[in-house]
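To start, the structure itself, in structure tokens.
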């Protein structure tokens, strides 16, 4: 092969890799949704319990799901997700990192658990005391309701469900996470 073709082949490979990464790193927000502003990153840090979610392969058959957010030394946010895989009777943990898409004042983040691949994590509702949150993913396939405790007041639940329905989510598909003592 002609030595002059190697730079072209290498450049094409780099470009193809960049396209694949960008296509797999969707950090959008569902149409009509708005991320919380102003947002206080420090008040959001700490442990949250998953109250409800849309089921997908990474959380299949999990109960007792929680997420703990803390600061990494580089300023990104460490995401420590844990859940009990009740069919296999074992704990599952996934560590990732989150970065702000725009500014730290806007609750639009991108989260990665797999190298350069990011997904949208958009806090679209949160109470004044940072005790309950509604999280939208990239699109209408991802939705979470979180709480600082394993339960959520019915009024907050109803408000969040109404907001999600207004955006086009089919809330009848939500999985309501069980939190129970595991032996």
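All of the numbers you see were taken from the coordinates with simple rules; none came from a lab. Predicted model only: the values in this text are computed from it and were never measured. Cβ atoms come from the backbone with ideal geometry, glycine included; neighbour counts cover every protein chain shown.
Fully extended, how many nm does the chain gain between residue 163 and residue 90 (0.36 nm per residue separation, minus their Cα-Cα distance)?
Answer, rounded to one decimal: 22.8 nm.
Rg and Dmax in Å for the stretch 119-183, alpha carbons only: what are they?
Just the Cα atoms of the stretch 119-183 yield Rg and Dmax of 12.2, 40 Å.
To check my understanding: the extent here is largest minus smallest coordinate of the Cα atoms along each principal axis. What are those three numbers for the stretch 35-183, in Å, largest first?
41, 35, 26
Please find the FRET efficiency linking residue 129 to residue 28, where r is the Cβ-Cβ separation and R0 is fixed at 22 Å, and quote it to the nearest 0.05.
Once the sixth-power term is evaluated, E becomes 0.15.
Quick one: if the Förster radius is 30 Å, what FRET efficiency do residue 172 and residue 80 give, using the C-beta to C-beta distance and rounding to 0.05?
The formula returns an efficiency of 0.50 here.
For the stretch 74-135, take every pair of Cα atoms, bin their distances at 5 Å starting from 0, and report each bin as a whole percent.
Computed distribution, short to long bins: 4, 15, 19, 22, 18, 12, 6, 2, 0.
Spin-label point model (7 Å from Cα, Cβ direction): what's the residue 182 to residue 141 distance in nm?
The answer from the label model is 2.6 nm.
Subtracting the Cα-Cα distance from 0.36 nm times the residue separation, let me have the gained length for residue 40 to residue 105 in nm, one decimal.
Result: 22.7 nm gained on full extension.
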